[in-house]
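Below is one structure, written out as structure tokens, with a few remarks after it.
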Amino acid sequence: TRLAIVSWDFWTTRWGADPEVIGRTLTLDSESWEVIGVAPPRAVWPRGFDLWLPGGMPVEGGCWWGCTIFSGLARLAPGTSIEQAEAELASFALRIEELAPQQVGRRYRIDGLQAFVVSDVREAIWILLGAVGIVLLIACANLAQLFLARGTTRAGEFAVRRALGAPKGRLVLSVLSESLVIALVGGALGVGLAVVAVDLLPGLTEGTVPRAQEIGLHPTVLLFSLGLTLASALLFGLVPGLRAARGSRLGVEMRASGRGGTSRRGPQSLLLTGEVALSLVLLVGAGLLLRTFGEISSTDLGFRTEGITRFDVSLPDAGYEEEANVRSFVSALQAGLERLPAVEGVSIGVSPPLSQDQIGGGFRFLDRPEPAPGEGPRARVHVHTPGFFDLYGIALKAGRVFDLADRPGQPTAYVVNEAFVRRYFEDGQDPLGEPLRLGIGFGYSREEGRIVGVVEDVRSSGVGEVVVPALYVSHPQLISAFFTVSVATQGGEPLEASRVAEVVGALDPDVPPARFEAMEEVVAQETASTRFYLTLIGSFALLALVMAGVGLYGVVAYSVSRRTREIGLRAALGADSDRIVRMVLQQGLLPTGIGIGVGLIGAAAISRLLRTILYEVEPLDPITFAAVPVVLVVVSVVATLVPARRAARVHPVEALRAE
């Protein structure tokens, strides 16, 4: 009896989560399979699969010369490390070499499944966590400045309370209680925003973060948030509380409280410098990602994407054992699709651009010495019907592309890319006419042939791909029972899935088309991860910039209010308004300048962590490192100018009134 396990999604969508599903039968390839289990909802590997079937890979047919298109999943025995398992696998590889000399030099690697699933996003998630920490520190610095300023204005009150016998501990506790209330209110608002953000996150990730649907507010996260809130309250409330408890003599505090005076700006300026430095680090990160997004968006993929829709078809074994049957189905399918309204071109084949199923394999130059086992040349293999290059707009550089004359029984026509020529031919050597034989097939025949053309390089695996040698083969000459159908429509009109299903169903009702996708959406998915990280880090950077500006404004405005007497006396002694404005601006811009210097050093060190998610942009990108300080200076000038102009309007009478 053939047995099968179905996925959680398949069970819930096809059978409505029927608890009596065990024992039911499925018909696959005209054969019955008994359902013996349902995979849990968190079973995400392999991703997107609905059925798990027992089976194996036959030795005969399919691969040749060591084509490797499979991976294994295993559970390590208790107490066994990955290193021990790799050592055993290495000895196993040596035994395989004895049985199959073409596998000489082949090595196998073991990866932890969790590391394999999250490897592409692990560093980026840590970077985002660091961005969150920076925003938290800036918020704490702002609140610390608020409490320091508030403590200074209440110096007289604290002095009176100390004179009346209030214990120092009570004064510290009163300040900490205020900071705790603010922190708890802010923490509660933060949790509320997190609830909203978590609901929006799966849509924002667009498949860039594994298991994003499972992200939620776990009790551990809430406890961590509570602890962080309490720690923040302690952080920005303790220093002002200690200053309030320590104080100085009552008369000094009362006189300072009554007439204003100069503010002790040391701690505030230090905090402001730290805010500017941290903001610059975040802005540099956002700037580097913005530059990366621009580079990715402007990269020429080498092929057309507008107005192309594609879908997958997989023919069952039953009825398609013979190559002629597959060829007949493909020909009828292409003819049927070309008759649909607005369709201007159809291409059918394996491994189209930006497909998840890129295929690589070995080949041999027939007029060159046979290479040593395991050292033969390799290339990425694309198999398509004639018309593929016109449909995707891939330019011909030399020779010709394959056409209807390249049919079974004729020498196989191979078209190669420019990277193939650079790798396997010396400068000036003509590749046209070079005889070779491909080392893979799809269960059917493999014929010898010659290179008939050279086309331009395309980034078939992704925007950031390093272009590799590629071989294009005519689908009628290297037939496959599984393939992707690409359809170009006039004016970019969407391809109706229902019309496609009618065409396919008329040929074989047991063969449903699957995974419809527009090429423009596929290309957009290529930039999804960068767009996701840019959105988050950019939001954090903007928030940090606003908070730094607010903090700068608060410090300068508070200083102006404390120096009313001084500024009035300066005005009475003849200082003009421009000189007073320059004085206040200097006070505000000095910590900004120091913060920019410190921040540039920190950004230069931390930006290297972004290397894995940057594209065509260096971590020390001069444009970004020049533009970000300018932005910070502009924000600082704007934030400082308002209190500076207010200071310039202080009348000398204010000084006398303060006395």
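The values are calculated or read from the model by the stated rules, or taken from the named source; none is laboratory data. Here the structure is a predicted model, which is why all the values come from computation and not from measurement. Reconstructed Cβ throughout: ideal geometry from the backbone, glycine too, with neighbour counts over all protein chains shown. For accessibility, only protein heavy atoms count, side chains too; no ligands or nucleic acids. Shrake-Rupley method; radii C 1.70, N 1.55, O 1.52, S 1.80 Å.
On full extension, the segment bounded by Leu3 and Glu521 gains 182.8 nm, given 0.36 nm per residue less the C-alpha separation. Each of Leu89 and Gln114 was given a label point 7 Å from its Cα along the Cα-to-Cβ line. The distance between the two points is 1.9 nm.
May I ask you to derive the FRET efficiency for Glu306 and Arg608 from their Cβ-Cβ distance with R0 = 22 Å, giving the value to the nearest 0.05?
My answer for the efficiency is 0.05.
Please give the Cα centre distance for the stretch 579-635 versus the stretch 308-378, rounded to the nearest Å. Cα centroid of the stretch 579-635 versus Cα centroid of the stretch 308-378: 52 Å apart. Largest accessible area first, the listed residues Thr80, Thr640 line up as Thr80, Thr640 when surface is computed with a 1.4 Å probe on the assembled protein chains. Simple spin-label estimate for Glu493 and Leu222 gives 5.4 nm between the two label positions (7 Å along the Cα-to-Cβ direction from each Cα).
Here the stretch 345-371 is scanned for amide nitrogen atoms under 20 Å from the site 7 Å beyond the Cα of Leu53 along Cα-to-Cβ, giving 357.
The packing ranking, built from the mean of other Cβ atoms within 10 Å per residue, places the peptides 318-326, 5-13 in the order 5-13, 318-326, highest first. Carbon-plus-sulfur accessible fraction, the stretch 294-380 (probe radius 1.4 Å, protein heavy atoms only): 44%.
Given their separation in residues at 0.36 nm each and the Cα-Cα distance between them, Ile22 and Ala77 gain 16.8 nm when the chain is fully extended. Each peptide among 135-145, 170-180, 341-351 gets the average number of other Cβ atoms lying within 10 Å of its residues, and from highest to lowest they stand as 135-145, 341-351, 170-180.
Put a dot 7 Å past the Cα of Ala194, heading toward its Cβ, do the same for Asp317, and the two dots end up 5.2 nm apart.
What FRET efficiency comes out for the pair Glu618/Val181, r = Cβ-Cβ distance, R0 = 56 Å, nearest 0.05? Please report the intermediate quantities before stating the final value.
Details: r = 47 Å, r/R0 = 0.83.
Computed FRET efficiency for Glu618 and Val181: 0.75.
Packing, as the average of other Cβ atoms within 10 Å across residues, places the peptides 297-303, 269-275 in the order 269-275, 297-303, highest first. When only C-alpha pairs under 8 Å and at least 6 residues apart count, what is the relative contact order of the stretch 381-470, in percent? Relative contact order here is 38 percent. Working value for the stretch 283-363: equivalent-ellipsoid semi-axes of 38, 19, 10 Å, each the square root of 5 times a Cα gyration tensor eigenvalue, largest first.
Rolling a 1.4 Å probe over the heavy atoms of the protein chains gives the stretch 296-370 an accessible area of 44 Å² per residue.
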